[in-house]
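Report on the following structure.
The values are calculated or read from the model by the stated rules, or taken from the named source; none is laboratory data. Note that the structure is predicted; figures quoted are calculated from it, not measured. Cβ placement follows ideal geometry from the backbone for every residue including glycine, while neighbour counts extend to all protein chains displayed.
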Amino acid sequence: MKKQATLVTLALCSAVCFGQSNVVYYGANSNALNVTFADVTLTAAAKSNIVADLRICLSEWGKEAELRLWDDEDTAGYLYIASTSPHYLRDIEFPEDIVETPNGIALLITKELSDTYTKAFAFAAANAKAFAAANAFVAFVSSTNFANIPPQKLPDYLLCKDETPAQIIARAKDNIAELGHQTYYPPSVLGFRRIPLGPGIFSNSNLWMRIPCSSPVGNWKNWSGYPAIWHKGKWKFCFWDEE
């Protein structure tokens, strides 16, 4: 009976949580789910920023999510999504544990994850120009305008280790078709990192972004992350194999 009672609690919570700030939405019907934080020292602003980023992640990818609840475990259940988060870097796991709180069940944000977010927000502030340009880049490559750019403009949006700009232009039709096969979505703040990979002597300073994207596979979507690099003041899709 406990599981049934918990489901009723969720239904009631969904009806009233839309006016609350620490709420995310999941599933095809945008069900509301409270968010709770293990770190009680987090400021209201920090919590709000984290929740805003979680909403970005769940806005499309989260439509496949469902709540799975159980009895007599350390948690009340978990938020199930079949695929790995396309928004986060691969070594960061999207939160899934559901716990009981005085206000009903909620998605738990561990201190480890909130610390990771805190560092990421500081990193974003230190790289404000690149972060501001990221959403504009994703919005453009998601639009029909990208498919119609002239071939000579493609090197402004694509960088390949083994192709010169002239080669990219020569293969522009195929390259644009390949890039246009995916649907792109706004990135998470946890989708950025500096790594020692890319062009230039100072390649360890290259800023990379993981662009969440999906491609159709029958009636399903295949989710992944496309790599982009901040190069000479612009974001570009980038394919740069490691040595």
Subject >> Hey, K111 of a type in the set (K, R), out of contact with any Cys (no Cβ under 9 Å at 6 or more places or on another chain) and without any contact (Cβ under 8 Å) to a residue 24 or more places away in the chain or not >> reply: no
**OP:** Go through region 31-83 residue by residue and tally those that are surrounded by 15 or more Cβ atoms within 10 Å (Cβ to Cβ), more than 20 Å from N103 (Cβ to Cβ) and in contact with a Lys or Arg (Cβ under 6 Å, 6 or more places away or on another chain).
**Re:** 0
**OP:** Out of P212, P227, P196, report the one residue that is on the phi < 0 side of the Ramachandran plot and either touching a residue at least 24 places away in the same chain (Cβ under 8 Å) or not assigned by TED's automatic domain parsing to the domain that holds N148 (or both).
**Re:** P212
Subject >> Restricting region 122-163 to residues that are within 21 Å of N49 (Cβ to Cβ) and of a type outside the set (A, V, I, L, M), the residue that is surrounded by the most Cβ atoms within 10 Å (Cβ to Cβ) >> reply: F131
**OP:** May I ask you to verify whether P187 is in a loop (DSSP other than H, G, I, E, B) and either modelled with pLDDT of 95 or more or β-branched (V, I, T) (or both)?
**Re:** yes
